[in-house]
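Have a look at the structure below, then the notes.
The values are calculated or read from the model by the stated rules, or taken from the named source; none is laboratory data. Here the structure is a predicted model, which means the values were calculated and not measured. Note that we place each Cβ from the backbone using ideal geometry, even for glycine, and neighbour counts take in every protein chain shown. Surface areas here come from the heavy atoms of the whole protein model, side chains and all, with no ligands, DNA or RNA. Shrake-Rupley method; radii C 1.70, N 1.55, O 1.52, S 1.80 Å.
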Amino acid sequence: MMATNDIDNIKKRVDELRKVISEHNRRYYVENAPTISDYDFDMLMNELAALENAHPELSTPDSPTRKVGSDLESDSLFPDRDRTGTAAPDETRREFLQYPHRYPMLSLGNTYNIEEVEAFAERSGKALGRAFTFCCELKFDGTAICLTYVKGRLFRALTRGDGTVGDDVTENVRHIPSIPQELKGSGYPEEFEIRGEIYMPYAAFDRLNEERLRDEDQPFANPRNAASGSLKLINPREVSHRGLECTLYHILGENLTFATHDEALKSAVSWGLPVSDKRKICRNIAEIEEYIGYWDTARKSLPFATDGIVIKINELAYQKELGYTAKFPRWAVAYKFKAEQALTRLLSIDYQVGRTGAVTPVANLQPVLLSGTMVKRASLHNAEQMQLLDIHLGDWVYVEKGGEIIPKITGVEPGKREPGAEIPVFPDKCPDCRTPLVRDEGEAKYFCPNTDGCPTQIKGKLVHFISRKAMNVIAGDATIEQLFNLGYVKRPSDFYRLTKAQLLALEGWKDRSAQRFLDSLEASKKTPFEHVLFALGIRYVGETTAKSLARHFGSIDALMAADRETLLAVEDIGDVIADSILDWFGQPGHTEEIDRLKESGLKFTAEEANAPLSSLLEGKSIVISGNFSVPRDKIKELITANGGKNSSSVSSRTSYLLAGEKPGPEKMKKAEALGVPVIDEDEFRRLISVPPEQEKAGEPTLF
Ligand code: IVH
């Protein structure tokens with residue numbers, strides 16, 4: 001039997017993995033700015049899946065192993081009340097209407113390992129017990145799209161969303177030239193869906209990023225993020241300038257008559273739909289391996305990104321027979337290529353200070369072509385990583401593109417090292433303000449502790465303060481640099497004291513740009529408290545933490561008054577975050593800054609609760625227990641949004657116990673003893689439901 005603390009440790013690791021994976025999913029699908037490579041992400045998922053398999057009692061329906069990542073722009077019930085928009089007209093993403101998918105939009109099981117492809121082929125052979133073929137295709141590295149054609153016309157385009165509900169991007173998709181508005185030829189079904197990938201070829205990606213750098217916008221990390229970000233632009237017409245392409249690979253519908261996947265795709269071509277011609281029918285694993293081997297090299301000369309090969313059972317009747325798991329089809333598997341590598345020379349190392357004071361070593365490289373772009377710089381992460389790599393100046397190094405904006409160095413070629421090559425010395429002082437660097441226990445990174453005095457950190461914090469997810473003020477990094485260098489803005493509150501006359505006296509400022517900047521600052525005063533809290537740049541207080549703090553405390557005054565224990569009682573706040581908050585508010589300079597920001601009219605209290613959706617639950621007190629198809633917070637929001645009250649324990653005054661999967665036995669017992677009705681999620685949804693006919697008619701739903 002397993003010792004209790006072993007299982008405790010496993011549970012802790014499972015919780016941690018779920019949290020980390022969800023955060024990476026958010027960064028990938030919503031932010032379009034991943035911070036780890038696909039490979040590293042997949043390794044985390046594999047670890048979680050292995051733990052859940054070994055300990056089924058730890059699996060939950062909302063585990064990332066059982067859900068596809070979500071690209072939904074808003075997870076709020078009140079999307080349009082989320083932000084006060086002061087957005088640049090064409091760049092900011094908007095809230096999209098959401099529609100349910102007729103067929104769930106699943107992901108693919110993937111592997112980096114050819115033996116697992118062999119196992120897939122064997123498994124399928126055994127399950128089917130008769131002759132069949134495979135259709136091998138490129139795995140396009142873009143963003144998934146689901147197009148519905150009705151009577152030959154493009155009716156709707158949805159993103160994958162969370163797999164159940166997608167964002168309606170039809171208007172934007174109408175501006176992608178390769179997607180026909182109207183089908184040609186004949187014989188297409190009256191209504192069908194065709195799914196595929198929207199992607200951005202390298203050439204368009206490089207052009208876009210050059211433009212963004214010129215305009216002082218953050219460049220996209222990779223073509224996939226650029227495609228996904230472009231698809232969600234607020235101005236549909238702008239989409240046509242982004243050079244997006246589309247390739248389609250999966251037809252769905254009722255009563256389709258195709259015998260094979262290949263045949264279905266051939267028909268799609270005849271209707272004018274964009275389908276790749278790189279697919280191949282394979283009869284056995286040897287042919288699959290040949291296809292994989294060929295494309296592992298040949299993909300490097302394709303004008304767009306591919307991250308693997310998809311192997312599908314070709315016969316549609318057999319696909320149906322094999323069916324689906326909750327997340328993947330059993331009739332297909334993805335073999336992923338490991339990130340492309342390039343070998344080049346390390347010329348020198350810069351040590352860069354970030355907004356939080358972390359010092360990152362960045363390598364200057366002899367320029368080298370990698371996945372279609374020229375790479376000149378690469379991250380070395382931290383001192384430990386440099387040591388692990390045993391890196392020497394002048395070394396030949398392997399560079400890889402992960403999800404990060406700059407590629408990373410993953411290895412060195414010691415055989416090519418020149419005699420006498422020097423080991424780089426990590427600085428012991430901040431390269432900017434010369435303050436001695438510190439390394440906290442358990443941290444891999446060195447930090448400059450001069451948080452409020454180091455110019456690079458101050459500028460970084462100012463940039464963060466006005467960024468889109470914070471105060472959302474329209475200004476580029478160069479503006480901050482200019483205002484800081486002139487001594488006009490040293491801390492966030494200085495922004496709100498700028499005058500037009502001051503701005504007009506600066507080089508390059510015209511009446512229009514000055515007015516736009518001031519208007520944007522003025523509008524930012526309406527930014528909700530949770531974003532203001534995030535904007536303050538307290539270490540470890542990211543968007544989500546800021547949101548839960550704002551919800552929990554309701555005002556900055558209440559938050560400032562909280563002691564350690566009170567902070568620890570907030571969901572998701574642990575020792576590290578609590579200490580960081582206490583430390584931040586403990587500095588007199590910070591409380592004075594908050595006073596100044598208050599004077600400028602920024603919001604330091606949470607808005608009144610959102611107006612109810614309905615009063616269907618008025619007077620009802622509901623206790624929830626167990627897991628639901630959506631996070632528990634959503635259920636709580638639904639209760640209050642419909643006029644009900646959510647309470648934590650069952651009493652005689654409880655109207656319902658809403659029990660999800662695996663409800664707490666104590667609560668169930670108590671409800672039974674007190675005669676409190678127990679309802680499940682379906683019954684609950686019926687209590688607050690929009691009439692089902694409306695849903696069928698394709699009305700947007702909240703989830
Ligand atoms: S078939 C039921 N074929 O890769 C899933 N997917 O990592 C059917 N993808 O969700 C998907 N190229 O967005 C399929 N040739 C291809 C693909 C492809 C890229 C994407 C797709 C999928 C993801 C899984």
Residues being of a type in the set (S, T, N, Q) and surrounded by fewer than 19 Cβ atoms within 10 Å (Cβ to Cβ) - total across region 521-530: 0
Out of Leu498, Leu533, sole residue that is surrounded by 15 or more Cβ atoms within 10 Å (Cβ to Cβ), modelled with pLDDT of 95 or more and under 24 Å from Val20 (Cα atoms): Leu533
Ala339 vs. criteria modelled with pLDDT under 95, away from the ligand (no atom under 12 Å from the Cβ) and open to solvent by less than 60 Å² (accessible area, probe 1.4 Å): yes
Pick from region 306-336, criterion within 11 Å of the ligand (Cβ to nearest atom) and farther than 24 Å from Lys67 by Cβ, ranking: surrounded by the fewest Cβ atoms within 10 Å (Cβ to Cβ): Thr306
Residue within region 357-372 that is touching a strand residue (DSSP E or B) at 6+ places or on another chain (Cβ under 9 Å), assigned to a strand (DSSP E or B), open to solvent by 60 Å² or more (accessible area, probe 1.4 Å) and at pLDDT below 90 present: yes
Among (1) of a type outside the set (A, V, I, L, M, F, W, C); (2) modelled with pLDDT of 95 or more; (3) open to solvent by less than 60 Å² (accessible area, probe 1.4 Å), the one test that Lys232 misses: (2)
Test: residue in region 478-495 that is among the polar types (S, T, N, Q), part of a loop (DSSP other than H, G, I, E, B) and open to solvent by 30 Å² or more (accessible area, probe 1.4 Å): no
Some residue of region 163-170 being in a helix (DSSP H, G or I) and open to solvent by 30 Å² or more (accessible area, probe 1.4 Å): no
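Rundown of residues vs (1) open to solvent by less than 80 Å² (accessible area, probe 1.4 Å); (2) touching a residue at least 60 places away in the same chain (Cβ under 8 Å); (3) assigned to a loop (DSSP other than H, G, I, E, B); (4) among the charged types (D, E, K, R), yes/no style:
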{"position": "Gly415", "(1), (2), (3), (4)": "yes, no, no, no"}
{"position": "Ile423", "(1), (2), (3), (4)": "no, no, yes, no"}
{"position": "Arg434", "(1), (2), (3), (4)": "no, no, yes, yes"}
{"position": "Glu441", "(1), (2), (3), (4)": "no, no, yes, yes"}
Qualifying residues in region 108-118 (those that are out of contact with any Lys or Arg (no Cβ under 6 Å at 6 or more places or on another chain) and within 9 Å of the ligand (Cβ to nearest atom)) - the one farthest from Gly253 (Cα to Cα): Gly109
Residue in region 276-305 that is farthest from the ligand (Cβ to nearest atom), counting only those that are open to solvent by less than 30 Å² (accessible area, probe 1.4 Å) and among the aliphatic types (A, V, I, L, M): Ala298
Lone qualifier among Glu91, Glu31, Glu16, Glu23 - being closer than 22 Å to Ala470 by Cα, open to solvent by 40 Å² or more (accessible area, probe 1.4 Å) and modelled with pLDDT of 75 or more: Glu23
Whichever residue in region 251-264 is touching an Asp or Glu at 6+ places or on another chain (Cβ under 9 Å) and either open to solvent by 70 Å² or more (accessible area, probe 1.4 Å) or assigned to a helix (DSSP H, G or I) (or both) and, among such residues, is nearest to Ala332 (Cα to Cα): His261
Close pairs (7 angstrom Cβ cut-off, 6 or more residues apart or separate chains): over 14 Å from Val275 (Cβ atoms) and part of a strand (DSSP E or B) in region 138-151, within 7 Å of the ligand (Cβ to nearest atom) and of a type in the set (Gly, Ala, Ser) anywhere: Lys139/Ala334
Region 97-121 residues that are within 21 Å of Ile288 (Cα to Cα) and of a type in the set (S, T, N, Q), paired with ones that are open to solvent by 30 Å² or more (accessible area, probe 1.4 Å) and more than 16 Å from the ligand (Cβ to nearest atom) (beta carbon under 9 Å, 6 or more apart): Thr111/Ala119
